1. Find the relative contact order for the range 392-455 and round it to a whole percent, using C-alpha pairs within less than 8 Å whose residues are 6+ positions apart.
2. So how far, in whole Å, is the C-alpha centre of the range 90-104 from the one of the range 217-245?
3. Step through the residues of the range 422-437 one at a time and calculate ³J(HN,Hα) from phi using the Karplus curve (6.51 cos²θ - 1.76 cosθ + 1.60, θ = phi - 60°), rounding each to whole Hz and writing x for Gly and Pro.
4. Give, in nm to one decimal, the length gained when the segment between E209 and V454 is fully stretched (0.36 nm per residue of separation minus the Cα-Cα distance).
5. Would you please give the residues with an amide H less than 5 Å from that of G198, counting only those at least 5 places away or on a separate chain, with H modeled from the backbone geometry?
6. Counting other C-beta atoms within 10 Å, and keeping those with at most 14, which DSSP coil trypsin sites (Lys or Arg not before Pro) do you find in the range 26-84?
7. Between the range 418-473 and the range 380-412, what is the C-alpha centre distance in whole Å?
8. Could you work out the per residue convex hull volume over the alpha carbons of the range 392-455, in cubic angstrom?
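We did not get these values from a lab; they are worked out from the coordinates using the rules stated. Because the structure is predicted, anything quoted here is derived from the model rather than measured. Every residue, glycine as well, gets a Cβ built from its backbone with ideal geometry; the counts of neighbours run over all protein chains shown.
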Amino acid sequence: MKALLVLLLAQLCSASLVPEREKDPEYWRRQAQETLRNALRLQRLNQNVAKNLILFLGDGMGVSTVTAARILKGQLQHGQGEESLLEMDKFPFVALAKTYNTNAQVPDSAGTATAYLCGVKANEGTLGVSAGVTRDRCNTTKGQEVTSILRWAKDAGKAVGIVTTTRVTHATPSAAYAHSANRDWYSDGEMPPDALEGGCKDIARQLVENIPDIEVILGGGRKYMYPKNVSDVEYPHEEKHRGTRLDRRNLVQAWQEAKPPGKVAEYVWHRRGLLALNLSRVDFLLGESLHPKVPWHQLGALGDPWLVLGCWGSCSSQLLSQGCCCLQGMAAPCPGGAGSPQNASIPLGMLAKQALHEAVELDRAIGLATRLTSTQDTLSVVTADHSHVFTFGGYTPRGNPIFGLAPMQSDVDRKPFTSILYGNGPGYKIVAGERENVSAVDFAHADYQAQSAVPLRQETHGGEDVAVFARGPMAHLLHGVHEQNYIPHAMAYAACIGSNRGHCNAAARPATPLLLPFLGLLLLLC
């Protein structure tokens, strides 16, 4: 009876939350007709050659995360939330991508990165190689390397870049340049003796050597670039931040020395250094911050400077003025290292508040890219590598705070629950033999871990399809349900790069500069 009363009260409250205009059927009819007119205009397909490519990737940004981020964005703007639009929602073409790895139903970020960057599906845990490579087996790598769209763009004479709020050697961005039997081989200090003896290279070394003329690289993870036990420039007394390289090489110095004479190569390790640069006088930029993202509650009006300024500065300057191929991404806190650049994935760790604020921040960068580019010559794609076991429900009324409680108690244990929950992870808590009562904790705290059904130290990925949003030349090629490895092939076709150029002709290939928000083949990776 009590549960029924609560439900009735929730329904009464819900009815009072309906905006007056939405009570008029004509409101919905007019909205639908406007949407129909916009859809009919899409029949005039944009078949221009894309001079610029931008790939925004939200690591772990499943469809439920997109929906929740949309509601949060609207509520941050003092709306109810549900009627809000993310920047990616405004893209006219939407598809679904199947994320499985060749040997995994529920994928990992390395296998998926190989798919959406290299155009080939691969085994979990492997980077930039075919499914003929077995994880941890260095001796299976030779001859199985596959190239990425970043390489295709470079070979076509485009400027390229990678911007990420995780370390640049993380699985998500590193498939753009590395070939590795193990995603965790960040430096030679993490590699087993047999891999070193077999001639396999660590990922940080490959960042410097495989494609040495990447114009822009911004992210974290600088300790993998320095000799073992070398003190960090920012935290000299903290052992965990010291260099890890066994070969005693300084890869930052090697990166600078590899640049052609007369070219300016700048290395920055803090946002202040990035902001102080005159990017019009810089040819190559490498930035490795220990904190490549700002906690959401510390963001100013401009948003995350590493994300937004890195994107805007590199792409609106001479750095990527020859035609951008961009891949972008974001990272969110994980269990065991919240806020650390060691971690990536938007909903990972069940820190829902931080995760969704970071998804909104990624959307802010997408909006900046939209304002700085033209749909006539720039193909922008937004997608995710995989999802997480993140969900929200509980018959919440319209405008319910996205981080709030459901308007009902469990009819089994008679306890309240938050709308946001996870299928598994560290949020599983038993108190006095029963599920924790969330009303006794601060579930609105930034570090609150949402409850989960199954206890795990780390929450897992999800296996469902992820959304693909596209706008610009040939965006209509991304439609329906696709294998994830199709994405770079469609983007390359649009830009006349890579092997499939039979439809291109010299007259159709423009050579004008771009204004972008992130990097060249801007790999904006989340």
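1. It comes to 32 percent, rounded to a whole number.
2. Value for the Cα centre distance between the two parts: 36 Å.
3. Along the range 422-437, the couplings run 10, x, 8, x, x, x, 6, 9, 10, 10, 6, x, 10, 4, 4, 7 Hz.
4. Values: separation 245, 0.36 × 245 = 88.20 nm, distance 4.33 nm.
Gain in length upon complete extension: 83.9 nm.
5. Here nothing satisfies the definition.
6. Numbers: sites: R29, R30, R37, R41, R44, K51, R70, K73; in loops: R44, K51.
Passing both the DSSP loop test and the Cβ count: R44.
7. 10
8. Here the figure is 87 Å³ per residue.
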